[in-house]
Amino acid sequence: MTEYRLFLPGEAAPWTVQRARFANKNASPSVLRMRTFQDRIRAAFLAKYGRPDPPLTGPIALDLVFARGGGKHGRRKATSRPDITNLQKACEDALNDYAYRDDCQVVQVTAQKVVTSEPYTCITVRDIVA
């Protein structure tokens, strides 16, 4: 069984789409945050594991932990925005062609959002052996 584990300090950014009002301009701030977060994931993966050849090709399981900073007064809640599915999608898309060929291979996901003093993201990718 192959397993990849990544730990990224800092706040996670949710998956988002380009809004129509920015269609003929540069990317919106939320898209830029997402792309930066995805670039950090890819850079951490390459630094730790290099470029596996080929990436995993079978069914994949993802375990994700999104730790959010407590906010200005330490009152942030785990139930606040962004929603966990958009955080998950940003991670899945970032690892396409790195850990696995395509995120359609992901067949099992466990994800949680917690509030801590320091934000971080923990990603575990593993192939599912039949």
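The values are calculated or read from the model by the stated rules, or taken from the named source; none is laboratory data. For clarity, every value in this text was computed on a predicted model and none was experimentally measured. Neighbour counts run over all protein chains shown; Cβ positions are idealised from the backbone, glycine included.
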Next item on the list: Would you check which residues across region 79-115 are loosely packed, with under 12 Cβ neighbours inside 10 Å and in a strand (DSSP E or B) and list them?
Entry: Val107, Gln108, Thr110, Val114
Item checked: Selection count, region 116-130, where residues are among the small types (Gly, Ala, Ser) and not in a loop (DSSP other than H, G, I, E, B) -> 0
Item checked: Members of region 84-130 that are closer than 16 Å to Gly10 by Cα and acidic (Asp, Glu) -> Glu118
Notebook entry, point to check: When you look at Val129, is it surrounded by fewer than 18 Cβ atoms within 10 Å (Cβ to Cβ), at pLDDT 95 or above and aliphatic (A, V, I, L, M), yes or no?
Noted result: no
Next item on the list: Six or more apart or on different chains, Cβ under 9 Å: which pairs go from a residue in region 106-130 that's within 16 Å of Ala90 (Cβ to Cβ) to one that's modelled with pLDDT under 95 and basic (Lys, Arg)? Could you list them?
Entry: Lys113/Arg68; Pro119/Arg68
Check: For region 40-64, how many residues meet the condition of being under 16 Å from the mean Cα position of the chain (by Cα) and without any contact (Cβ under 8 Å) to a residue 40 or more places away in the chain?
Finding: 3
Check: Where residues in region 40-72 are β-branched (Val, Ile, Thr) and under 17 Å from Thr2 (Cα atoms), which of them is surrounded by the fewest Cβ atoms within 10 Å (Cβ to Cβ)?
Finding: Thr57
Check: Quick one: Ala27 ticks every box in (1) out of contact with any strand residue (DSSP E or B) (no Cβ under 6 Å at 6 or more places or on another chain); (2) modelled with pLDDT of 95 or more bar one, so which box is it?
Finding: (2)
